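Report on one structure; see the data block that follows.
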Amino acid sequence: MPASAPAPVSSPPAFAARAVSVGGSPVREILALTERPGLISFAGGLPAPELFDAEGLRAAYDAAFAVSARRALQYSTTEGAPELRGAVAARATARGLATAPDDVLVTSGSQQALALITATLVEPGDVVLVENPTYLAALQCFGLAGARVVPVPCDEEGILPDALAEIVARERPKLLYTVPTFQNPTGRTLPAARRAAVAQVAARLGLWLVEDDPYGDLRYEGAEVPWLAAHPGAEDRTALLGSFSKIMAPGLRLGWLRAPAALRRAAVVAKQAADLHTSTVDQLAAARYLEAVDLDAHVATVRTAYRARRDALLAGLGDALPAGSVWNRPEGGMFVWARLPEGHDATALLPKAVAQRVAFVPGAPFFTGPPDPRTLRLSFTTHTPAEIAEGLHRLGRALN
Ligand code: PMP
């Protein structure tokens, strides 16, 4: 018998264009570098692990199992565990935004809430407005949806409402994505008067607002600024995203979305398609934890430590950075944003810094459109004040 010809082989079809067009996060690649022992990192936006309430959380998981292991280990509803939705609603209400448990959808991190809102609202080619610079993984999320991302002019206090109105009239965007409080990467906070103006622009010109607030509880000084969602005009058009990552622990992957009913219902359907529901046991443990522990007292401890770390960074930056550098003084959050003088390039500086065993994130990848190569983001949360001072000495050596 003649040998049969080999079966023809065809390559599988190509990846979706959107998957190819969005690159991986350059920050993830930098973070890999910073895991070297002895390196002092101002790079990652990580909470300090020694401040996690590991004992309290372990007890909460034990309690979740003890009360009903069968429930904790079973499938549950897409909207989330009623006790956790209730606790989130109570916390939001206490912060001045009347919220019922039914207004809340529990998500797998606030990152998922962003993905769900994007899946619900954004079609390929739709315009999405962002602060410039803004949170990298939001840019990835909008890129994957095929959005045309357009930056809104900002100054030291964030979005310029008049410029926003002009762009909305011109571009007819679907939504504005904003991190108004202790923004990532700049640490900036949008003042209340501008929030009121942004809400008015959204109401007048027709726009969804996506308010991402993972950092708002981490305030070290100054008065709290009400959520954008709480301003007149924003009520029926704001998706507010919250997170337990920075106040409990990011490994829990617990976040939430508060949105008007129709938008929330559409996000629930998108979540069914994505993961059915967020981990039942994690939700019940978090709800248990919120019952048993005063989370605000824990956050107060974290804030005290982070305030000292922020102050250590601010105290040493002047000696570390070359004359003519500028940086801000964030009232909370995790980041200081700095700009080197003319002729400097933060991306080129990074390998020199890593050689001196210190790291930061260059600002360029956070920009939409032409980046400012002189900018850098410095996170102050994961090292003690003494380590921060040493890290700044090393950074100064890298700059010389
Ligand atoms: N939004 C912003 C602005 C962030 O900085 C982060 C985390 N770094 C997230 C969302 C995602 O947080 P989560 O852990 O809740 O998914």
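Note on region 145-271: dipole from Cβ charges, positive end direction compared against Gly158, Leu257, His231; the farthest Cα belongs to Leu257. Taking R0 as 25 Å, what FRET efficiency do you get between Glu235 and Ala274 from their Cβ-Cβ distance, rounded to the nearest 0.05? With R0 = 25 Å, the Cβ-Cβ based efficiency is 0.40. For the chain, the relative contact order comes to 23 percent (Cα pairs under 8 Å, sequence separation of at least 6). Net length available on complete extension from Phe15 to Arg397 is 133.0 nm, with 0.36 nm assigned per residue and the Cα-Cα distance removed. I want to make sure I understand the PRE zone here: with the label point 7 angstrom from the Cα of Ala323 toward its beta carbon, which residues in region 339-382 have backbone N atoms less than 20 Å away? Answer for region 339-382: 339-345.
Between Glu342 and Val67, the modelled label-to-label distance comes to 6.3 nm, taking each label 7 Å out from Cα in the direction of the beta carbon.
Label sites at Asp372 and Glu157, each approximated as a point 7 angstrom past Cα along Cα to Cβ, lie 1.7 nm apart. Distance from the C-alpha centroid of region 328-345 to that of region 351-389: 9 Å, rounded to the whole angstrom.
About its Cα centre, region 177-227 has a charge dipole of approximately 280 debye under the convention of +1 per Lys or Arg Cβ and -1 per Asp or Glu Cβ, with nothing else charged. A simple charge model with +1 on the Cβ of Lys and Arg, -1 on the Cβ of Asp and Glu and nothing else charged puts the dipole of the chain at about 520 debye relative to its Cα centre.
In terms of the Cα gyration tensor, with a ≥ b ≥ c the square roots of its eigenvalues, is the chain rounded because a/c is under 1.5, prolate because a/b exceeds b/c, or oblate? In terms of gyration-tensor shape, rounded. So, R0 is 41 Å and r is the distance between the beta-carbons of Ala32 and Arg204; what FRET efficiency does that work out to, to 0.05? After rounding, the FRET efficiency stands at 0.35. The Ala308 and Ala90 beta-carbon pair, evaluated with R₀ = 30 Å, returns a calculated FRET efficiency of approximately 0.50.
Distance from the alpha carbon centroid of region 238-260 to that of region 40-106 works out to 9 angstrom. Excluding same-chain neighbours fewer than eight residues apart, the aspartates and glutamates reachable from Lys271 by a Cα-Cα span under 13 Å are Glu79. Gain on full extension, evaluated as 0.36 nm per residue between Asp296 and Gln74 minus their Cα-Cα distance, stands at 76.9 nm.
What percent does the relative contact order of region 54-292 come to when contacts are Cα pairs within less than 8 Å and at least six residues apart?
Values: 432 pairs, mean separation 71.7, N = 239.
It comes to 30 percent, rounded to a whole number.
The residues Glu171, Glu342, Glu131, sorted by heavy-atom accessible surface at 1.4 Å with ligands and nucleic acids left out, run Glu342, Glu171, Glu131 from largest to smallest.
The values are calculated or read from the model by the stated rules, or taken from the named source; none is laboratory data. Keep in mind it's a predicted model, so treat the numbers as computed, not measured. All Cβ positions, even for glycine, are placed from backbone atoms using ideal geometry, and neighbour counts span all protein chains on display. The accessibility values were calculated without ligands, DNA or RNA, using every heavy atom of the protein model including side chains. Shrake-Rupley method; radii C 1.70, N 1.55, O 1.52, S 1.80 Å.
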